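Written out below as structure tokens is the structure these notes cover.
The values are calculated or read from the model by the stated rules, or taken from the named source; none is laboratory data. What you are looking at is a predicted structure, and each value in this text was computed from that prediction instead of being measured. Using ideal geometry, Cβ is built from the backbone for each residue, glycine included, and neighbour counts are taken over all protein chains shown.
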Amino acid sequence: MLQRLDPAAATLRLFFEGAPIAARPGDSVAAALLAAGADCFRTTPLRGARRAAFCMMGVCFDCLVEIDGIANRQACLTPVAEGMQVRRQHDAGDGA
Amino acid sequence: MTRTADAIVVGGGLHGCSAALHLARRGRKVVVVEKNSVGRHASGVNAGGVRRLLRALPEIPLSCAAMEMWHHIGDLVGDDCGFKVSGQVAVAETAAGFEGLRARAAEVAALRYGHEELIDADELYRLLPALKPGCVGGLVSRADGFASPYHTTMAFRAAAIRAGVVVLEDTRALGFRRAGGTWSVETSAGALQAPVLVNCGGAWAARVAAALGETVPLEPIAPMMMVTAPMAHFVDPVVIGVERKLSFKQAANGTVVIGGGHRGVPDLDNDSSSVDFRKLVISATTVGTLFPVMRGAQLVRSWSGIESRLPDDIPVIGPSATQDGAFHAFGFAGHGFQLGPVVGAILAELIDTGVTNLPIGPFAITRFTPTGVAA
Amino acid sequence: MSAAWDVVVVGAGPAGLAAATLAAGQGARTLLLDEQDAPGGQIYRAIERTRDDPALRRILGPDYTHGDGLVAGMRACAAQYAPGTSVWQITPEREVWATRAGRSEAMRAGTLILATGAMERPVPLPGWTLPGVMTVGGVQILLKSAGMVPEGLVLAGSGPLLYLVAWQLVRAGKPPAALLDTASDDNLRPALRHLPAALRPTALGYLAKGLALRRVLRRAGLALHADVTDIRIEGDTRAEAVSFRSAGQPRRLVAAMIALHEGIIPAQQMTRSIGCAHEWDAQQHAFRPVLDTWGNTSVAGILVAGDASGIVGARAAEHAGRIAAWEALCQLGRVDAAARDRGAAADRAGLAAHRAVRPLLDRLYAPRAEILRPADDVTICRCEEITAGQVRAVVARGCAGPNQAKNFLRAGMGPCQGRLCGTTVAELIAAELGTGVAEVGYFRIRPPLKPVALAELAAMDTEDAP
């Protein structure tokens, strides 16, 4: 549902929940996840509701994911890097 | 328009609401005068520790009586106040620290109180599996716990109102006069009159006392707290440091609340306080040292509240030394929350009958001689 | 370890870029901090990277290109630029605590210019927390910074950004599936009262651009629904459809991606956390810091410029940044008041010109009550999953302000620290109490402004911090 204007530019590879996804250097992790069709970045502490990136500018904190073992990272503020391991964050008491 | 009552309580924190509730339950007409909103200051923002562990000796009888009330808090105010019996554990990292706990345990046992139990390393690590290795032992009070401070204060307020108490918020007491056995209190919302005045003014209580002609060396303090993002559950009891300033607990939602007594900056005139992050840096180091899993924690919020202490770090509770019909309860030095339910009962009993069967002698305001030194 | 700076500017959008460039140009030791990894703020996001992407530049339109000069000016000046740096505490004594690459540092500023910009006004409506729902600004960021366009997007809301993004998507060859315009016709007549003030060349320029933009949208055959109310986003684990009323008629569209927008409001966390005085701006229906004409807040040595001062727009923000920089230079003793006034004169004229259209725009796109004070079943605190009804219920139990609501409900205690619920909580409490939002106020904000790792705090060497 999100299309890249220049698909050939997506030369980088990172991993979401263990599966490889393509990214363009300079993409935020959030953008790369959305382009790969991810519709769940984390689940909420109270009800386990599924959330994905909302504001893309670091205000809403709905894009929190675990990156390379560190939790509570805002995916929209983190640039992609080759080989990055991104995992969903399940906030119901599941911290770093 | 002058409002009359049987008692005027200055201060709508937990102690003020508790005193008002207990007085109302004894059939008195009570008015509470609160300059901000109920629970705005210490009562609403403290760590919520419901603790007997490691209290100053004079406080122990009161604290044990209060704990009875906490274990039935629903009967008292119709709300569970978020009270959890989690236990509280003081951790001794060194042999010297442990010896101090041993002496303390003996002291308390000699007074015939059984709530503080010395534990060895095995039991310590059974209670606190996430503790760093090498600690020597601890002191535990198993039926202690924690509650939700704002909920508790509001529950006391609601119960007091149900019992007929009038709570005036955003109302400041401006002046006090006594004539013919009656107190006249000028407030920002009109005049109040009652034969009895109760000073539960928190950090501002010295100002009230001064108006009654009593000088107390009350020092405002602003204890700071911080709280983390939710973490996987790793600790049940509330943890207190012995060699280090630390107190922390993990709430049901996984967040960890860290205190321990580091202080920010109070501003009594503006009803505000500010956080000194330099000291929070120290807390961060301390908690990460004792509990390595906390190194991965994320701090999401800090805050401070306004409390007050007297030089001996125990409160003033009891009648005024200079005025008839006036009573004090203030200066809880950051550990007044657990005592809230019982101090109100003590004041009500004093006011109603002239005596109380709980030993409040050590808390007399008269221990502060004119030079400000404890007698 | 920590240096002392004459001027620390927070935010590398137009106001911050202009302020830092001018301050450094006048010889002040200037530091520009920004949490994004590239300059431009939100409006000129990815401006340096898109220089090599003429196709994307064409899509974004001519106004975007204006940012090139601003960024080039900053790169060429002597200011130190620190991207990827998130400020999490500023004290009234002008200490700045910030985190970068997992390390926190404290530094001291002679003067501070906060150019932290705006955020989207929260649009709480049923289903707004579902995956697949984003802000219109978020969609635009995906376009600018990642070269991505959505398929089958439904845009909903009102305000210039909504139409701009629709226009950009048309130019990208992926027109939105529909645009749901929630602007109320009731706004038109009161807005026209502001038309005379907007009849100045610069303001007319904005209006003409807006009309041209809408012509393009109509010609592109975009499905435009007007007078939209009662929006509900449906779906179980993600957005699947959106139902609404248009001119009273019920409608429903299948949609997997929906973007919302109801204008922007100043980002107030930083100024609140410092203890600056704030006031309610009835025209913009938002809180703003109390400022004098130079941008001075109520705290000495701390200034605000750009949209964080009240929504002024990108071009006005640039002028405001320079005006604040002149004032900072004067406070530092680098220029006297006369030189400051002379230096800022041209920017004062520019600021006034670019602000002239605001009263008209603000009134035209004033948000509806159902967004400001949603129905009981709507989640208003996304982090802690608290509904409008829960807020109304605690007011009935004696909660008289946002901080008490925070204590009662945990509203505002989640990771976003009340950014997305603060204004809604205030509106709901005000409505229940029958008073104004100004009286009710806003959450008390404490540091850290962004979460900080405890390990990072512990590693801070505060021995030689100022």
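Of note:
- Any strands (runs of 3 or more DSSP E) falling wholly within region A:1-47 and containing at least 3 residues that are at the interface with chain C (Cβ under 7 Å from one of its Cβ atoms) and under 24 Å from residue C:53 (Cα atoms): A:2-4
- Qualifying residue in region C:284-292 (condition: free of Cβ contacts under 8 Å to residues at least 12 places away in the same chain and more than 17 Å from residue C:113 (Cβ to Cβ)): no
- Odd one out for residue B:227 among (1) closer than 30 Å to residue B:311 by Cβ; (2) in contact with a Ser or Thr (Cβ under 8 Å, 6 or more places away or on another chain); (3) of a type in the set (A, V, I, L, M): (1)
- Candidate set from region C:215-228 (those that are surrounded by fewer than 16 Cβ atoms within 10 Å (Cβ to Cβ) and not hydrophobic (A, V, I, L, M, F, W, C)); member that is nearest to the other protein chains (Cβ to nearest Cβ): C:221
- Annotation: residue B:207 fulfils all but one of (1) in the same structural domain as residue B:128 (by TED's automatic domain parsing); (2) among the charged types (D, E, K, R); (3) out of contact with any Leu (no Cβ under 8 Å at 6 or more places or on another chain); the unmet one is (1).
- Evaluation of residue C:205 against (1) out of contact with any strand residue (DSSP E or B) (no Cβ under 9 Å at 6 or more places or on another chain); (2) in contact (Cβ under 8 Å) with a residue 24 or more places away in the chain (one fails), failing number: (2)
- Among the candidates B:277, B:291, residue that is of a type in the set (Phe, Trp, Tyr) and either surrounded by fewer than 18 Cβ atoms within 10 Å (Cβ to Cβ) or more than 14 Å from chain A (Cβ to nearest Cβ) (or both): B:277
- Restricted to region B:180-222, the set of strands (runs of 3 or more DSSP E) holding at least 1 residues that are over 19 Å from residue B:366 (Cα atoms), of a type in the set (D, E, K, R) and touching a residue at least 12 places away in the same chain (Cβ under 8 Å) comprises B:182-187.
- Meets criteria (crowded, with 24+ Cβ neighbours inside 10 Å and within 16 Å of the chain's Cα centre (by Cα)) for residue B:203: yes
- Inside region B:144-179, residues that are at pLDDT 95 or above, among the hydroxyl-bearing types (Ser, Thr, Tyr) and not in a loop (DSSP other than H, G, I, E, B) make up a count of 2.
A quick yes/no check of all residues on (1) within 14 Å of chain B (Cβ to nearest Cβ); (2) under 19 Å from residue C:268 (Cβ atoms):
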position: C:378; (1), (2): no, no
position: C:387; (1), (2): no, no
position: C:391; (1), (2): no, no
position: C:398; (1), (2): yes, no
position: C:403; (1), (2): yes, yes
position: C:406; (1), (2): yes, yes
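- Counting the residues of region B:204-241 that are hydrophobic (A, V, I, L, M, F, W, C) and farther than 30 Å from residue B:85 by Cβ gives 10.
- For region C:188-209, the criterion of a residue being within 13 Å of chain A (Cβ to nearest Cβ) and in a helix (DSSP H, G or I) is satisfied by no position.
- Residue B:253 vs. criteria under 22 Å from residue B:41 (Cβ atoms), part of a loop (DSSP other than H, G, I, E, B) and out of contact with any Lys or Arg (no Cβ under 6 Å at 6 or more places or on another chain): no
- Residue-level check: of (1) in contact with a helix residue (DSSP H, G or I) (Cβ under 7 Å, 6 or more places away or on another chain); (2) at pLDDT 95 or above; (3) over 21 Å from residue C:140 (Cα atoms), residue C:244 misses just (1).
- From C:351, C:329, C:303, residue being under 20 Å from residue C:271 (Cα atoms) and of a type in the set (A, V, I, L, M): C:303
- Qualifying positions in region C:87-105 - in contact (Cβ under 8 Å) with a residue 60 or more places away in the chain and out of contact with any helix residue (DSSP H, G or I) (no Cβ under 8 Å at 6 or more places or on another chain): C:88, C:94, C:95, C:96, C:98, C:105
- Some residue of region B:39-59 being without any contact (Cβ under 8 Å) to a residue 60 or more places away in the chain and outside any loop (DSSP other than H, G, I, E, B): yes
- Qualifying residue in region B:293-310 (condition: free of Cβ contacts under 8 Å to residues at least 40 places away in the same chain, outside the structural domain of residue B:344 (by TED's automatic domain parsing) and assigned to a strand (DSSP E or B)): no
- Identification of strands (runs of 3 or more DSSP E) wholly contained in region C:85-170 with 1 or more residues that are crowded, with 24+ Cβ neighbours inside 10 Å and away from chain A (no Cβ under 14 Å) yields C:85-90, C:95-100, C:103-114, C:153-158.
- Qualifying positions in region C:229-261 - within 12 Å of chain A (Cβ to nearest Cβ) and among the basic types (Lys, Arg): C:238
- Residue match in region A:66-80 (condition: more than 14 Å from chain B (Cβ to nearest Cβ) and charged (D, E, K, R)): no
- Of the helices (runs of 4 or more DSSP H) contained entirely in region C:386-466, those carrying at least 2 residues that are in contact with a Cys (Cβ under 9 Å, 6 or more places away or on another chain) fall at C:388-396, C:402-409, C:422-433.
- Some residue of region B:140-155 being closer than 16 Å to residue B:98 by Cα and either polar (S, T, N, Q) or touching a residue at least 60 places away in the same chain (Cβ under 8 Å) (or both): yes
- Complete set of residues in region C:377-401 that are farther than 29 Å from residue A:89 by Cα and in contact with a Gly (Cβ under 7 Å, 6 or more places away or on another chain): C:401
- Pairs with Cβ under 6 Å, 6+ apart, first in region B:252-264 and more than 14 Å from chain A (Cβ to nearest Cβ), second of a type in the set (A, V, I, L, M, F, W, C) and assigned to a loop (DSSP other than H, G, I, E, B): B:259/B:47; B:260/B:246; B:263/B:222; B:264/B:222; B:264/B:275
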